[in-house]
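Each remark here refers to the structure printed beneath this line.
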Amino acid sequence: MLNRRNALKAATAAGAASLLPWDRLTGSSAPSAAAAGAAADPAPVSPFAHAMPVPKTLRPVSSTSSSELYEIRMQEAQVEIVKGLTSRVRTYGGTFPGPTVKAVQGRETVIRQINGLPVNTAVHLHGGQVRSEHDGLPMDTIVPGAERVYRYPNTQRAASLWYHDHAHHLEAENVYLGLHGLYLLSDRDEKSLPLPSGSFDVPLVIRDARIEADGTLLYTRPSDCPHMLVNGKERPYFNVAARKYRLRVYNACANRYVKLRFADGTEFTQIATDNGLLEQPVTRTELLMLGGERVEIVVDFSRYRVGDSVVLENTGAQSGERPEVMRFDIDRRAADNSYVPGRLAPAPPALPTPTVRRDFEIRTFPAMTINGQSYDPGRVDVTAALGATEEWTIRNVDVPAEPGRPDFHLWHSFHTHLTSFRVLERDGRPAGARDAGLKDTVTLGPGETVRIAMTWGPYTGQYVYHCHQLGHSSGGQMGRIDIVG
Ligand SMILES: [Cu+2]
């Protein structure tokens, strides 16, 4: 601890503090942040002390023939994350994570967001194709006491989306302190599939945290976050029947990747990615996910006997960190007519040949930049024509000083608002299973390069692209793109 603090002092003396938003914010006006240098020890990690809850589904306050209207009040709340401790968090609607919004293709979702928090907020529907004024742009904030109505047309395919904060410089801290919730969009094609459904369709919102011994949820660097939460509880257990489950896995960490596998190496079937179902299922044993990414899998627990347990672990944990993320306890038998069909969804429309090529470099040092520049909402970095197909090459130019060390700081991702993309290549090789399907966030390990392609639309207006390590985007790793008609 002492060494790290000394190293931090040295970094600050060298004028590097702006690189590290978690350091800048520690000791800021954040209501739950302990004063800098006064951080206590973290609460002990105690796996499997909680049953895993499933975030509740939000009920509309009213409906019309074509839309549902919801109301969410952003507010502080006291919640139990680590057993026996109370933590103050920032919430949508008083729950941690926020309530799940369930939407149906073709029906508009209208959400009145009321800011009852002492900080600016902006609500972004991650993965949603929405008009610019409803995108939750960094400067389009809701000041404390104000409210805003967001409209989501739900014209895209079924997908596991999420809504989270995006206020300028604040998104990392706001999301970390609790401002995130799920938005599950379904459509007729998806509903007609024989996949596990109802109580056998379960989200896993995975994220790290640091809970102090007094319960304080402290926003700090990921290497100082020993707690791993699923659906708001530290390393919970979840009782399952010996049958198939659809698990919607979200990496909601502000600043780290996870490598998930079952401790016994059990295979599972990936059925969907960020923006919806894959054409065909893929058998996998490990998921590497950076913040913002979603993967849906079907796991067949009928391979276990009642009374067995299996642990989901993070092999990307740092040394000294517990690998367990959660435990599934098989506690009963159940009928199961569900199965994973060999064909899940039609292929997305073929991409036209790109007419524009662009290059992007993501960098941590000497500042959080894309192509050498920090985000400036008044500067247009990219102008794209509505309907144009573009090919983007994105390079993570950071490389580790010590190869093989899991330095979360050197990992980046790339997230585009408005439009999803196809990953064409990773380091010069055709995209593999991890990059298949319609993506809106792609992971870049140290030194990696990806080539992606997208057709911009369906709306014109101002949007952003950014690294989804939120400490990085808060620090400036973001660009502005204007789509013009
Ligand atoms: Cu980054």
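The values are calculated or read from the model by the stated rules, or taken from the named source; none is laboratory data. All values reported here derive from a predicted model rather than from experimental measurement. We place every Cβ from the backbone using ideal geometry, glycine too, and count neighbours over all the protein chains shown. The area values use the complete protein model at the heavy-atom level, side chains included, leaving out ligands, DNA and RNA. Shrake-Rupley method; radii C 1.70, N 1.55, O 1.52, S 1.80 Å.
Key figures for this structure:
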{"quantity": "Strands (runs of 3 or more DSSP E) (entirely within the stretch 254-360) containing at least 2 residues that are in contact with a Gly (Cβ under 6 Å, 6 or more places away or on another chain)", "calculated": "258-262"}
{"quantity": "Positions within the stretch 443-464 being within 12 Å of the ligand (Cβ to nearest atom) and assigned to a strand (DSSP E or B), in sequence order", "calculated": "THR443, LEU444"}
{"quantity": "Hits in the stretch 74-117 (condition: open to solvent by less than 10 Å² (accessible area, probe 1.4 Å) and among the hydroxyl-bearing types (Ser, Thr, Tyr))", "calculated": "SER87, THR91, TYR92, THR100, THR109"}
{"quantity": "Identity of the residue in the stretch 374-403, assigned to a strand (DSSP E or B) and within 14 Å of the ligand (Cβ to nearest atom), that ends up most open to solvent (accessible area, probe 1.4 Å)", "calculated": "ARG395"}
{"quantity": "Filter result (open to solvent by 60 Å² or more (accessible area, probe 1.4 Å) and either in a loop (DSSP other than H, G, I, E, B) or among the charged types (D, E, K, R) (or both)) within the stretch 61-73", "calculated": "VAL61, THR64, SER65, SER66, GLU71, ARG73"}
{"quantity": "Residue within the stretch 420-441 that is within 16 Å of the ligand (Cβ to nearest atom) and in a strand (DSSP E or B) present", "calculated": "yes"}
{"quantity": "Only listed residue being under 22 Å from the mean Cα position of the chain (by Cα) and charged (D, E, K, R), chosen from ASP376, ASP407, ASP381", "calculated": "ASP407"}
{"quantity": "Of all residues in the stretch 42-60 being open to solvent by less than 60 Å² (accessible area, probe 1.4 Å) and hydrophobic (A, V, I, L, M, F, W, C), the one that is farthest from GLY320 (Cα to Cα)", "calculated": "LEU58"}
{"quantity": "Scan of the stretch 264-285 for residues that are within 16 Å of THR315 (Cα to Cα), free of Cβ contacts under 8 Å to residues at least 60 places away in the same chain and in contact with a strand residue (DSSP E or B) (Cβ under 7 Å, 6 or more places away or on another chain), ordered by number", "calculated": "ASP264, THR266, GLU267, THR285"}
{"quantity": "Selection count, the stretch 143-191, where residues are of a type outside the set (A, V, I, L, M, F, W, C), within 18 Å of ILE271 (Cβ to Cβ) and assigned to a loop (DSSP other than H, G, I, E, B)", "calculated": "3"}
{"quantity": "Unique match (being touching a residue at least 24 places away in the same chain (Cβ under 8 Å) and under 23 Å from LEU58 (Cβ atoms)) among TYR176, TYR237, TYR219", "calculated": "TYR176"}
{"quantity": "Residue, farthest from the ligand (Cβ to nearest atom), within the stretch 344-365, restricted to residues that are loosely packed, with under 12 Cβ neighbours inside 10 Å and touching a residue at least 40 places away in the same chain (Cβ under 8 Å)", "calculated": "PRO346"}
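Rundown of residues vs (1) more than 25 Å from HIS169 (Cβ to Cβ); (2) charged (D, E, K, R), yes/no style:
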residue	(1), (2)
THR86	yes, no
THR95	yes, no
GLY106	yes, no
ILE111	no, no
ALA122	no, no
ASP135	no, yes
PRO138	no, no
PRO144	no, no
TYR150	no, no
